[in-house]
Amino acid sequence: MPVLSLRAAPARASGGSDASRILQRWRLQVAARNELAERRGARQFALVGYRMREAPAERLVPLERLLYVALFDDRDDQDRLVTRLVGVRARFVGDQLILGGPDNTLFDKDVRSAPCSGSGRRLDPQDAELCELALGGERHLERVHRHPHYPRRNVLRWPAWWCAVAAAPPDVPTRRHGGDTLIALETALTSSLSIGRVFADVGGLPKRQVLAGADLRRVLCGTAGAVTFDLFHTRFRRAT
């Protein structure tokens, strides 16, 4: 899955030729294998990565510009195989860092359905950036499925979380960002400090991680340190 800078407004293809190219690629890569994929069943892997709106080379990313994306197989209400591309944002609410879930869903697309213009569960062939994200991720997920020794994890690796505080406690590691003093988010929570802007330090963090599990909800939902995350249930698909 290539690194993309997802902006607030989706990037649009330059013309009909680009949309036609995307549709042709989808037919060759996805539609031609749909029958085989249905017989094989859901792959027990998920591809998870992060993206940044603007300035994709930054190491310290403000929370509001961080996007997490997950690609994985699932079954719809009619028990048909779907490949979901889920995009979520993170918010700091009260004393919790919440990533994903129905309230923080940006999109939930089915890569196996034929792309068409407009909104909804299907990819829009005019949105070249999102289509590349989906088709590139699908190609990578298929490669992982074919090669049993491809590196996989069963726990997500997260960035280091930092936050702005008015004054840092003594002997606590700090860093400066702009005019702010930052300390580790968990330290601020433990010390019951008033927390300002939250940042993710993505230095050294893989831009894509392959997770394995018979029930992907167990690896795509949970709590890790200061973050509660849900990359499975969205406003389009509630808990079942």
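Peptide packing: for 37-43, 20-26, the average count of neighbouring Cβ atoms within 10 Å per residue gives the ranking 20-26, 37-43, highest mean first. Note on SER117 and ASP201: with the Förster distance fixed at 41 Å, the Cβ-Cβ geometry gives a FRET efficiency of about 0.60.
Over all orientations, the stretch 16-152 has a Cα convex hull whose mean projected area works out to 10.3 square nanometres.
Here the calculated FRET efficiency for PHE236 and HIS149, from their Cβ-Cβ distance with R0 = 51 Å, stands at 0.90, rounded to the nearest 0.05. Quick note on the chain: its Rg to Rh ratio, both from C-alpha atoms and Rh being the Kirkwood radius, is 1.00. In this structure, ALA42 and GLU186 have a Cβ-Cβ separation that, at R0 = 25 Å, corresponds to a calculated FRET efficiency of about 0.10. Taking all Cα pairs closer than 8 Å and separated by 6 or more residues, the relative contact order of the chain comes to 25 percent.
What angle, in degrees between 0 and 90 and rounded to the nearest 10, separates the Cα long axis of helix 128-146 from the longest principal axis of the Cα atoms of the chain? On a 0 to 90 degree scale, this one is about 80.
Shape class of the stretch 84-135 from the Cα gyration tensor (axes a ≥ b ≥ c, square roots of the eigenvalues): prolate, since a/c reaches 1.5 or more and a/b is larger than b/c.
The helix-only estimate of mean residue ellipticity at 222 nm for the chain, built from DSSP H runs of length n ≥ 4 each weighted as -39500 (n - 2.57), is -6000 deg cm²/dmol after division by the residue total.
No lab work stands behind these numbers, since they all come straight from the coordinates. In this text the structure is predicted, and so the values were computed from the model without any measurement. Cβ: placed from backbone, ideal geometry, glycine included. Neighbour counts: every protein chain shown.
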